[in-house]
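Structure, as structure tokens:
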Amino acid sequence: MTENKFVQLHPHDNVIVCCRSAQKGDQINITNQVITLDSSVTIGHKIACQDIAAGEQILKYGASIGSATEAIKTGQHVHLHNMKSDYIASHTRHSVTGE
């Protein structure tokens with residue numbers, strides 16, 4: 001088993017964050033469970049630490065960072081291929097002062 005390759009930033013998060021590169025098939029012991037990675041990931045990338053339904057919010061830092069565009073299984077890589085941002089794109093924001 002590999003240790004300390006991932007961290008859960010908040011107890012309510014449904015993703016864990018990679019701290020050291022990890023390989024497909026690695027087993028991570030975190031959040032009182034053993035998670036087997038379905039793909040290799042690099043630093044900063046997210047892995048689901050529980051099943052996430054399509055449309056469900058992706059929680060990181062205890063806050064939503066987007067929502068799942070498809071069902072995501074525990075151990076799957078969570079990134080732009082299966083989630084979308086729920087934030088307003090910066091190019092569509094308007095200044096309150098009109099600047």
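Observations on the structure shown:
- The residue that is farthest from the chain's Cα centre (by Cα), counting only those in the range 68-85 that are of a type in the set (Gly, Ala, Ser) and at pLDDT 95 or above, is Ala71.
- Matching residues in the range 8-27 - criterion: being over 11 Å from the mean Cα position of the chain (by Cα) and either part of a strand (DSSP E or B) or closer than 15 Å to Asn82 by Cα (or both): Ala22, Gln27
- Extreme residue, nearest to the chain's Cα centre (by Cα), among residues of the range 28-54 that are at pLDDT 95 or above and among the polar types (S, T, N, Q): Gln50
- Restricting Ile65, Ile88 to residues that are within 10 Å of the chain's Cα centre (by Cα) and modelled with pLDDT under 95 narrows the list to Ile65.
- Candidate set: the range 1-54, residues that are among the charged types (D, E, K, R) and free of Cβ contacts under 8 Å to residues at least 24 places away in the same chain; chosen: the one nearest to Thr69 (Cα to Cα): Asp51
- Hey, Gln57 farther than 25 Å from Gln23 by Cα and at pLDDT 95 or above or not: yes
- Selection from the range 51-73 of residues that are surrounded by 17 or more Cβ atoms within 10 Å (Cβ to Cβ) and either in a loop (DSSP other than H, G, I, E, B) or among the aliphatic types (A, V, I, L, M) (or both): Ile52, Ile58, Leu59, Ile65, Ala68, Ile72
The values are calculated or read from the model by the stated rules, or taken from the named source; none is laboratory data. Worth saying up front: this structure is predicted, and the values here are computed from it rather than measured. Here the Cβ is made from the backbone with ideal geometry for all residues, glycine too, and neighbour counts use every protein chain on show.
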